[in-house]
Amino acid sequence: MKFSWVFWWTIGAIEILSFIGFAIFLWARNVDASGAIQTTELKWINIAVIGIAYLIPLIIQLIWLIINLVFSRKQKAQALN
């Protein structure tokens, strides 16, 4: 079970760091790939779009967290008996 927790934290850290990296990249660029000049509003919209894309992994992470918590409590209860 410990492996599952370590893996959960590792994947969570990778997801957070990649989101922060992409957000910084999107905020720092002045012109996108099509040549359009990026205004502050467009930068916020781009970050919101990537945030929506990261909702799916976040939901999976939350489900995985609940499963880990349930199995950890079951193992503790069995160890006490």
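We did not get these values from a lab; they are worked out from the coordinates using the rules stated. Since this is a predicted model, take the numbers as computed values, not measurements. In this analysis, Cβ positions are derived from the backbone assuming ideal geometry, glycine residues included, and neighbour counts consider all displayed protein chains.
Quick look at the values:
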item	result
Residues 65, 26, sorted so that the one with the fewest Cβ neighbours within 10 Å comes first	65, 26
Length-normalised contact order of segment 2-80 in % [C-alpha pairs under 8 Å, at least 6 apart]	35
For 22, 7, order by how many other beta-carbon atoms lie within 10 Å, fewest first	7, 22
Convex hull per residue volume in Å³, alpha carbons only, for the chain	83
Cα long-axis angle, helix 55-80 against the chain (0 to 90 degrees, to the nearest 10)	10
Neighbourhood net charge (15 Å Cβ-Cβ; Lys/Arg +1, Asp/Glu -1) for residue 2	+3
